[in-house]
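Since the structure comes first, as structure tokens, the remarks are kept for the end.
Throughout, read-outs are computed from the coordinates displayed, never taken from laboratory work. It should be emphasised that the depicted structure is a prediction, and the values quoted were computed from it without experimental measurement. Note that we place each Cβ from the backbone using ideal geometry, even for glycine, and neighbour counts take in every protein chain shown.
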Amino acid sequence: MEEPEVNNTIQAAAGDNKSEVIAEIIDSVAQHANTFHNLTREELVEKLRELLNTRPIAAVKEQIESIKQCFYRKLKAEMEMKLDAAATDNSETAASDEPDTQSDALEAAFKELMAKYRELKAAENAVVEAQQAENLAAKQRILDELAKLIASSDDLSSVIPAFRKLQQDWKAIGQVPATKVTEIWKAYSAYQEQF
């Protein structure tokens with residue numbers, strides 16, 4: 001919604017409860033930003049199933065979170081509609097005696113897919129952590145080599161190419177665990193300054 005329309009809507013509702021109008025406008029804007037709001041819960045489950053085939057799974061994290069929010073928002077709205085219908089019919093059996101097996105099956109399928117998502121995400125995170133640990137070990141080896149170069153009494157012209165090679169190797173190595181980034185970078189910078 002454009003801003004002038006928002007202001008007109010709020011002004012038109014001057015006699016009404018403004019906070020409700022503002023809440024509706026915010027909800028409307030949020031729905032337009034969400035690409036999944038027009039899908040049914042069945043379609044959301046299918047879309048989630050499709051997204052779980054994407055690798056790396058981290059690439060679709062935001063989409064999966066949006067699907068999750070839409071699914072539960074729709075589930076809540078359906079439950080509220082059923083309760084409202086039961087209240088207007090004055091029929092307690094409509095809400096409590098006849099469980100919606102399709103809804104229950106959809107929710108169970110959705111929860112199963114979300115559990116699979118968490119497993120895939122955990123597996124990917126474990127691979128990333130293992131790679132970062134290997135990178136840390138490789139950078140530690142380079143730091144050891146730098147220390148040896150600095151301590152050596154060889155001719156500077158023969159040490160410079162080895163130093164440049166270690167710099168290139170350092171840059172080629174990927175990320176290290178976040179808890180070690182500052183520590184290892186400080187050590188590397190200190191060796192560079194000493195050289």
If r is the Cβ-Cβ distance from Glu107 to Gln131 and R0 is 35 Å, what FRET efficiency results, to the nearest 0.05?
0.45
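Which whole-number percent gives the relative contact order of region 129-176, counting Cα pairs below 8 Å spaced six or more residues apart?
So the answer I get is 66 percent.
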Defining a contact as two alpha carbons under 8 Å apart and six or more residues distant in sequence, what relative contact order in percent does region 40-195 show?
24
Each label point is 7 Å from the Cα along the Cα-to-Cβ direction; what then is the distance between the points at Arg55 and Ala123, in nm?
0.9
Sort 174-180, 156-162 for me by packing, meaning the mean count of neighbouring Cβ atoms within 10 Å per residue, highest on top.
174-180, 156-162
Links exceeding 20 Å between C-alpha atoms in this model, out of Lys139/Lys180; Lys121/Lys180; Lys68/Lys111; Lys68/Lys121, come to Lys121/Lys180
